[in-house]
Every structure is written in structure tokens, then in C-alpha cells.
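The values are calculated or read from the model by the stated rules, or taken from the named source; none is laboratory data. Since we're looking at a predicted model, the values are computed, not measured. With ideal geometry, Cβ positions are generated from the backbone for all residues, glycine too; neighbour counts draw on all protein chains shown. With ligands, DNA and RNA removed, areas are computed over all heavy atoms of the protein, side chains included. Shrake-Rupley method; radii C 1.70, N 1.55, O 1.52, S 1.80 Å.
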Amino acid sequence: MDAILIRQAPAPLRGTVHISGAKNAALPVLCATLLTDGASRLRNVPKLRDIDTTAALLRFLGRDVVVDAPEIRVAEGTCARPEAPYELVKQMRASVMVLGPLLARYGRAKVSLPGGCAIGARPIDQHLKGLEAMGAVIRLERGYVVAEGPNGGGRLRGAEVLFDLPTVTGTENLMMAAALAKGRTTLINCAREPEVEELGRVLNKAGAKVDGAGTDVIHVEGVPPGELGPFDHAIIPDRIEAGTYMIAAAAVQGSDVLIEGAEIHDLDTVVAKMRHAGVQIESEGRAIRVARNGPLSAVPVTTAPHPGFPTDMQAQFLVLMCLARGESMITETVFENRFMHVPELQRMGAQIVLRGNTAVVDGVKALYGASVMATDLRASASLVIAGLVAVDETEVRRVYHIDRGYERIEEKLRGIGARIERVKGRS
Ligand code: EPU
């Protein structure tokens, strides 16, 4: 297993970082290729482990997939077996998003339940409830969800589905299922993330009739299976990758970094909080310029579904607050166990007290390098950022978590002056 070694940035970070395509937009779009037998092409796809896992899953299902980053081509064909095995789903929970398209297209699907997750229980009850409302018959069998269309594998029916809470992949799963259902589906209390909006755009490109993606009510007028065609689409930029580099730049005093190919409006709450903390942020076309010259001040943050402060930026922002003057309260409301970076940051000298779902952070003058362990994707990114400012060397272990969601992170950070390298074979 690889590790990442980081030494304190010798000078302010300067230069340009290019943002890759959004992982969490590419994953549902890849699943959407299952809705049609035609050959689809995705462009601006990031080169990441989660993307490879999804490609492997599509191949397991029987589709021919060529990953030629940043392009992926799914050849014409059908799925020989609509089944997602535990070995693939346990590697990546997003695999559960093949359930909606498979059930809609083939009238049946067998998908492993994802099992435990480092950041919270993450059930899929809302996905299943919605599919049942559309007439699916679902049973749980030996760790698998076994689903069948109405009357022994028939076409799903349009329905009204009220989500008990906004779920990103749940909304996406049901949008895909509804695209081929008979009649109109109304999804209420939907997730409004830009990635959901992106899926709506792609489905419409394929011939679906989706209205309202990106708002809390989505209407989908189902079309017969033959009416959805293949698509060619370039994925939107990764707002969380962009936000992560923005925080990295803000963490190192004196930095001035241009984050290129990012959409600032997808990061409005993050930008507002960073500005409050004393970071200078300007938007220049499709680039965001981040500079930090003065001290950082403590600001409170509470995560919430979009357009609230993203849970996927909580760990990185918390590191920034470790370096701020004063006390800040970081409250996590989306996932119940997303503070695993805290004990690792404490080992680097951070002053943080956990009180239920709030981290009370008391800013310190310096963080100190240590050997720390990555526990999930965004937690790993926060440890790398901490390493950029820490005195001495930081070693982040278990970086396979980072490889799930950050393309060439060490190369991109080196490009703006960080001293960071990957070493092979450390667990
Ligand atoms: N939830 C339920 N029941 C469900 C579905 C969700 O109770 O059926 C709960 C979850 O347990 C959680 C909350 O609802 O407490 C929100 O979870 P959501 O379903 O929105 O999360 P997700 O769809 O599984 C996506 C992203 C995550 C991101 C979250 C929140 C993808 C592939 N994943 O997950 O991304 O944190 O939305 O924005 O889109 C990451 O990229 O590092 C990552 C974890």
C-alpha cells in the first residue's frame, strides 16, 4: 500500500491547479448508460479508483467498457446478468445506483447491500421505498436486494415519491428508474446537488423527459425503453476537488493560487465561509483565485444538503479552523460519524474537542507532522492539507482512500509548490 509524504510548504503556494471532472457526477452518468443498449461516450471523466470500480461493475453486468481517461466508451450491448456482486459494491457504495436502471430496463435486478461504511450507517431505505412505490417487488436475500418489476418483471409505473430526507444517490437512482417507467413520476424533497442536475441533463440528452433536476421537486415523464438512446457528454468539473485546493491554498499563509476549470457558484457557501475567515477569493471566468495574506479568523460551519455547506468539505474546512484565531464550532448534520480525521489531527497538535456532532476547534499557532492514517476520502484530503502547514514531515497512510476521489493529487499540489511525494509499499 502506498503512503504520501508531505513536508511543510517551503514557501507560499503559487500557480494554477486544473480541476478534473466530477467523480460524483460521472458515477451516476456511467450507471445511466445501462438505460440504453447504444454506445455512449463520456468525456472529462477523472482517472480514479471509483471510476474503475464502476467500469468493472458495468463489465460484470455484461457491457463492454473502455476506460481511456479522460474518456470512457461504453459499447453497444445489453446486460447478460443484471446483478451487482458484493465484491464490487463493498468497494464503492455508489454501485447501488445500478439498481434503478437495471430494474427499469430489464424488469429485475440483484444488487448487494453495501454493508458498513466508515462515515455513517448510510442505509438505502429511501431508494427501496421509492422503487416499491413504482411497483417493484423487493426482497432481501442473503445480503442482496432482489428486485422485480410489477407482475413478475413488468415495466415500473410512475408514482409520487416523497423522500423522508434528501438523498443524492437515492434521488439519482429514482430519476433513472423513472426515465423508463410507464407514466409520470414526481419526486419530492429531492437532493439539489449540481451532480443531480447534471444527471437530469444527461438523461434528457438520451431522450428522457426530466424536469426540475437541481430543485427539490423533479418530474419525470417515463418513455418506452426503445426511446432512450446513447449519449455523448462531457462531465462537469468536480466542485469538491476545487474546494479542497481552495482550502489548501488558504491554509498556507501568503499563497495565491488559480483554480482553473471550476464553477464558483457550485461552491457559494464554501466561498462565503472562507471569505468570513479572511481568505481572498475572486472569480475569473471559469477560474477561482484564492489568496491568503492575513491571519485566519474562526467561523462556525454546519453541514447541510446542497445549497448548504457540503459535508464533503467539512474535514478540509476543519483543518483551516485549526489554524484560525479563536474557537470555531463545526457541526456535521449529514453523516453521523464523519469526524474520524479529528483524532489524527489531534496527533498533529490540533486542539479539538468533540461534543456529539460538533467539533469545537481552538486554533493553534502550528501543527506538527506525524504519521497519520486516512480513514475515508475527504478525511484523507484534510490530512494532506494539514501536512502542507505542519512543521516537519507528515506521512499519510492508507492513501487508497485518496485515490478513490482525487486525481493525481500529489502532482497537482507539487505543481503549486508543495513538497509532497508518494512512496510505495507502506501500509
Ligand atoms: N440516507 C438514508 N436513507 C437512504 C439514503 C440516505 O437514511 O436511503 C441518509 C444517509 O445515511 C445520510 C443522508 O441520508 O445520513 C444523506 O446521504 P446521501 O444519500 O445523500 O449520500 P449518498 O448519496 O450516499 C452522496 C455522495 C457522497 C456525499 C453525500 C452527501 C456520491 C456517489 N456520493 O452520497 O460523497 O458525501 O452524497 O452529499 O454522490 C464523497 O465523495 O466523499 C462522498 C462520500
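Restricting to the stretch 153-168, what's the tally of residues that are open to solvent by 10 Å² or more (accessible area, probe 1.4 Å), more than 12 Å from the ligand (Cβ to nearest atom) and in a loop (DSSP other than H, G, I, E, B)?
First pass over the stretch 153-168, keeping only residues open to solvent by 10 Å² or more (accessible area, probe 1.4 Å): 153-155, 157-160, 162, 164-168.
Pick out the ones that are also more than 12 Å from the ligand (Cβ to nearest atom) and you get 153-155, 157-160, 162.
Subsequent filtering for residues that are in a loop (DSSP other than H, G, I, E, B) retains 154-155, 158-159.
So the count comes out to 4.
Yes/no per residue for (1) crowded, with 22+ Cβ neighbours inside 10 Å; (2) in contact with a Phe, Trp or Tyr (Cβ under 7 Å, 6 or more places away or on another chain); (3) within 17 Å of Ala315 (Cα to Cα):
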| position | (1), (2), (3) |
| --- | --- |
| Pro237 | yes, no, no |
| Ile247 | yes, yes, yes |
| Val252 | yes, no, yes |
| Gly261 | no, no, no |
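Go through the stretch 128-152 residue by residue and tally those that are small (Gly, Ala, Ser), within 23 Å of Val89 (Cα to Cα) and open to solvent by 20 Å² or more (accessible area, probe 1.4 Å).
1
Could you list all residues from the stretch 328-353 that are open to solvent by 20 Å² or more (accessible area, probe 1.4 Å), away from the ligand (no atom under 12 Å from the Cβ) and more than 25 Å from Val399 (Cα to Cα)?
Across the stretch 328-353, the qualifying residues are Met329, Thr331, Val353.
Testing Thr171 on (1) polar (S, T, N, Q); (2) open to solvent by 10 Å² or more (accessible area, probe 1.4 Å); (3) within 9 Å of the ligand (Cβ to nearest atom), one condition comes back false. Which one is that?
(2)
Out of the stretch 191-229, which residues are at positive phi and more than 16 Å from the ligand (Cβ to nearest atom)?
Of all residues in the stretch 191-229, those at positive phi come to 207, 212, 214.
Once the filter is applied, which keeps residues that are at positive phi and more than 16 Å from the ligand (Cβ to nearest atom), the stretch 191-229 yields Gly207, Gly212.
Restricting to the stretch 128-144, give me the number of residues that are of a type outside the set (Phe, Trp, Tyr), assigned to a strand (DSSP E or B) and more than 15 Å from the ligand (Cβ to nearest atom). Steps first, answer last, please.
Going through the stretch 128-144, the residues of a type outside the set (Phe, Trp, Tyr) turn out to be 128-143.
Filter once more, keeping what is assigned to a strand (DSSP E or B): 137-141.
Pick out the ones that are also more than 15 Å from the ligand (Cβ to nearest atom) and you get 137, 139, 141.
So the answer is 3.
Could you tell me whether Pro12 is surrounded by 17 or more Cβ atoms within 10 Å (Cβ to Cβ) and part of a loop (DSSP other than H, G, I, E, B)? Even if it seems obvious, please write down each step before you answer.
Numbers: surrounded by 17 or more Cβ atoms within 10 Å (Cβ to Cβ): yes; part of a loop (DSSP other than H, G, I, E, B): yes.
Yes: the conditions hold for Pro12.
This table checks each residue for (1) in a helix (DSSP H, G or I); (2) under 21 Å from the mean Cα position of the chain (by Cα).
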residue	(1), (2)
Val146	no, no
Asn151	yes, no
Gly170	yes, yes
Leu174	yes, yes
Val196	yes, yes
Leu203	yes, yes
Val210	no, no
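Considering only the stretch 177-190, how many residues are open to solvent by 10 Å² or more (accessible area, probe 1.4 Å) and within 16 Å of the ligand (Cβ to nearest atom)? Break it down into steps so the answer makes sense when it comes.
Looking only at the stretch 177-190, we keep the residues that are open to solvent by 10 Å² or more (accessible area, probe 1.4 Å), and these are 182-184, 186, 188-189.
From the residues that got through so far, the ones that are within 16 Å of the ligand (Cβ to nearest atom) too are 188-189.
Of the residues in the stretch 177-190, 2 are open to solvent by 10 Å² or more (accessible area, probe 1.4 Å) and within 16 Å of the ligand (Cβ to nearest atom).
Take Arg378 and decide whether it is among the basic types (Lys, Arg) and over 17 Å from Ala277 (Cα atoms).
Numbers: among the basic types (Lys, Arg): yes; over 17 Å from Ala277 (Cα atoms): yes.
Considered against the rule, which asks whether it is among the basic types (Lys, Arg) and over 17 Å from Ala277 (Cα atoms), Arg378 comes out as yes.
Does Leu323 satisfy being within 16 Å of the ligand (Cβ to nearest atom), surrounded by 17 or more Cβ atoms within 10 Å (Cβ to Cβ) and at pLDDT 95 or above? Give the steps one after another, and end with the answer.
Working: within 16 Å of the ligand (Cβ to nearest atom): no; surrounded by 17 or more Cβ atoms within 10 Å (Cβ to Cβ): yes; at pLDDT 95 or above: yes.
Taking the combined requirement at face value, the residue does not satisfy it.
Can you find a residue in the stretch 295-311 that is farther than 20 Å from Ala390 by Cα, open to solvent by 40 Å² or more (accessible area, probe 1.4 Å) and aliphatic (A, V, I, L, M)? Spell out how you get there, then give the answer.
The initial filter retains those residues of the stretch 295-311 that are farther than 20 Å from Ala390 by Cα, namely 299-311.
Checking which are open to solvent by 40 Å² or more (accessible area, probe 1.4 Å) leaves us with 300, 302, 305, 307.
Filter again for aliphatic (A, V, I, L, M), leaving none.
No, there is no match, as no residue in the stretch 295-311 is farther than 20 Å from Ala390 by Cα, open to solvent by 40 Å² or more (accessible area, probe 1.4 Å) and aliphatic (A, V, I, L, M).
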